[in-house]
Amino acid sequence: MGSLTVEEVKKLRVVDLREELKRRGLDTKGLKAALVKRLKEALVEGEKEASGGPVPDPEPQPEPAAAGAVKETKGGKDEAAAAEGKSNPTLKRGREEEPEKAGEKEKVATGAAAEQTMGDAAAKVGAGTQLVVVKRQKTLAEEYKASAMSMVRVDANGVRRLSSLAAPIMLCEGHASEIFAMKFSPDGSCFATGSMDKQIFLWSTKDDCRNFSVLKGHKNAVLDLHWTSDGDYLCSASPDKTFRVWDAWQGVQVKKWAEHKGFVNSCCPARRGNPQLFLSGSDDGTCKIWDQRWKKSSRTLQDKFQVTSVAFSDHADLVFTGGIDNVVKVWDMRKSKVLYTLKGHGDTITGMSLSNDGNFLLTNAMDNTLRVWDVRPYAPQERCTRVLTGHSHNFEMNLLKCSWSMDDQRVSCGSADALVNIWDVNTGNLLYKLPGHQGSVNEAVFHPKEKIIGSCSTDKKVFLGEVDI
């Protein structure tokens, strides 16, 4: 990494911050705020030593007002130019504007009323020069498309590249046994994998995709794992009858709950809310809600059959559960009762995933179908909007999972035929069947910001690949 300035430190990812601190022989533990502060102090200290005296923290200095500076009036005339008797084309209002951010366009309205263009509105207040800028928050789909498009490039060999990966396909090996679960962190800087070897590995998506941390504690396989929405914690489910929460960056376990009396098959964190809520489903027929502040579960939803997959709704007011009875149950959190059921699958439900906009639920089942359900409050009575086929389950009866792309236009799922399958949600067409694995693909997930899909398998391997989606 080249020379850094104090202003550039905040822009670094956590992985880059740790690498820079390690290169300087400094402590690499802590959250991002602590890492940024530590690196800034080191940079300021280095500048002091280089100059032989104290160096103040760099602060942006305002530029001195030049003689005859431009002042815009209501009529749009240049007073300074009028005073000189001629216009000055070099003095423009554009030089006072900040550089345009990537993926955003701003326009300034020149009247008393505001006009809105491309989702960004600007209004001039009164006849003066005070400006009020109102921006429309971008949707997940818009952010994903903007970031994905910005990564299209050509490498030194003239090959068109779609991501920041070191190569179009990356292979990660290290687990001693089959890998059951894989998830990218919310910022996409790393990903986690859970394995039959009882360990959780954290991998970087940068450069050689090295394994930079191992989380140990489970006494049996790690069947499922998820990141919290802030990217600081991981939750994991295991047949050792425990549900655990980990500080991903400290590499330590922060919570261990052992109330379940059977294998814990699935888990899910709430997308919103403070304190953080978690969900777990078990072979004992219960789905438990956990509050990170409490030592015991805050609520238990009792089913008649084993629960193999769980998910929260977007606002965590509903809970989705699926099991060996082939039915998806939708529970009301306030009443702890089933609100309605989603019927259609003909065999055990092995995985489920809520779309990023919170409107649709994706389920994978051993009947070799992937179904999309409309879970909006006032949806039609027939909530199944799409049935996707092409993948397969086999005698291994693994809990194969499923996932959405960030723009909710593509879906993928695990498959026992050793292939990664990707569908178009709108048309139902199977777009890709990607080879490479030599065993059942237990999970396939999309990168949150780039055109990358990751997959893990019983062959102990993890693949990251560029896909034009």
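The values are calculated or read from the model by the stated rules, or taken from the named source; none is laboratory data. As the structure is a prediction and not an experimental result, all values here were calculated from the model. Cβ coordinates were reconstructed from backbone atoms using ideal geometry, including for glycine residues, and neighbour counts include every protein chain displayed. Heads up: the accessible areas ignore ligands, DNA and RNA and are worked out on the full protein's heavy atoms, side chains in. Shrake-Rupley method; radii C 1.70, N 1.55, O 1.52, S 1.80 Å.
Before moving on, here are some points about what is shown:
- Residue list for the range 374-398, restricted to those being open to solvent by less than 40 Å² (accessible area, probe 1.4 Å) and either among the acidic types (Asp, Glu) or in contact (Cβ under 8 Å) with a residue 60 or more places away in the chain (or both): 374, 375, 398
- Where residue 167 falls short, out of the listed (1) open to solvent by less than 60 Å² (accessible area, probe 1.4 Å); (2) of a type in the set (A, V, I, L, M); (3) farther than 14 Å from residue 463 by Cα: (3)
- Test: residue in the range 295-308 that is part of a strand (DSSP E or B), open to solvent by less than 20 Å² (accessible area, probe 1.4 Å) and closer than 25 Å to residue 194 by Cα: yes
- Near pairs, Cβ below 9 angstrom, 6+ apart or cross-chain, from the range 407-420 (on the phi > 0 side of the Ramachandran plot and acidic (Asp, Glu)) to any residue that is open to solvent by 10 Å² or more (accessible area, probe 1.4 Å) and in a loop (DSSP other than H, G, I, E, B): 408/356; 408/357; 408/359; 408/425
- Evaluated against (1) among the small types (Gly, Ala, Ser); (2) at pLDDT 95 or above; (3) within 18 Å of residue 334 (Cα to Cα); (4) out of contact with any Cys (no Cβ under 7 Å at 6 or more places or on another chain), residue 258 falls short on exactly one condition, (3).
- If the condition is being over 20 Å from residue 181 (Cα atoms) and open to solvent by less than 20 Å² (accessible area, probe 1.4 Å), then the range 315-343 contributes 316, 319, 328, 330, 331, 332, 342.
- The set of residues from the range 186-199 being crowded, with 23+ Cβ neighbours inside 10 Å and part of a loop (DSSP other than H, G, I, E, B) is empty.
- Near pairs, Cβ below 6 angstrom, 6+ apart or cross-chain, from the range 4-27 (in contact (Cβ under 8 Å) with a residue 40 or more places away in the chain) to any residue that is in a helix (DSSP H, G or I): 6/40; 6/43; 14/32
- Residue ID - farthest from residue 465 (Cα to Cα), chosen from residues in the range 214-230 that are of a type outside the set (A, V, I, L, M, F, W, C) and surrounded by 18 or more Cβ atoms within 10 Å (Cβ to Cβ): 218
- For the range 1-42, the set of residues classified as more than 20 Å from residue 185 (Cβ to Cβ) and open to solvent by 70 Å² or more (accessible area, probe 1.4 Å) consists of 1, 3, 7, 8, 23, 24, 27, 37, 41, listed by residue number.
- Criterion violated by residue 271 - all others in (1) part of a loop (DSSP other than H, G, I, E, B); (2) farther than 27 Å from residue 320 by Cβ; (3) open to solvent by 30 Å² or more (accessible area, probe 1.4 Å); (4) touching a Phe, Trp or Tyr at 6+ places or on another chain (Cβ under 8 Å) satisfied: (2)
- Every residue from the range 355-413 that is of a type in the set (Val, Ile, Thr) and either out of contact with any Phe, Trp or Tyr (no Cβ under 8 Å at 6 or more places or on another chain) or more than 19 Å from residue 456 (Cβ to Cβ) (or both): 363, 369, 372, 375, 385, 387, 389
- All positions within the range 311-356 that are in contact with a Leu (Cβ under 9 Å, 6 or more places away or on another chain), of a type in the set (A, V, I, L, M, F, W, C) and assigned to a loop (DSSP other than H, G, I, E, B): 316, 327, 333
- Residue in the range 237-268 that is most open to solvent (accessible area, probe 1.4 Å), counting only those that are part of a loop (DSSP other than H, G, I, E, B) and of a type in the set (S, T, N, Q): 250
- Residue count for the range 12-39, restricted to those that are assigned to a loop (DSSP other than H, G, I, E, B), closer than 25 Å to residue 246 by Cα and charged (D, E, K, R): 3
- Residue match in the range 357-368 (condition: more than 25 Å from residue 317 (Cβ to Cβ) and in contact with a Leu (Cβ under 8 Å, 6 or more places away or on another chain)): no
- Some residue of the range 448-469 being assigned to a strand (DSSP E or B), of a type in the set (Ser, Thr, Tyr) and either in contact (Cβ under 8 Å) with a residue 12 or more places away in the chain or open to solvent by less than 60 Å² (accessible area, probe 1.4 Å) (or both): yes
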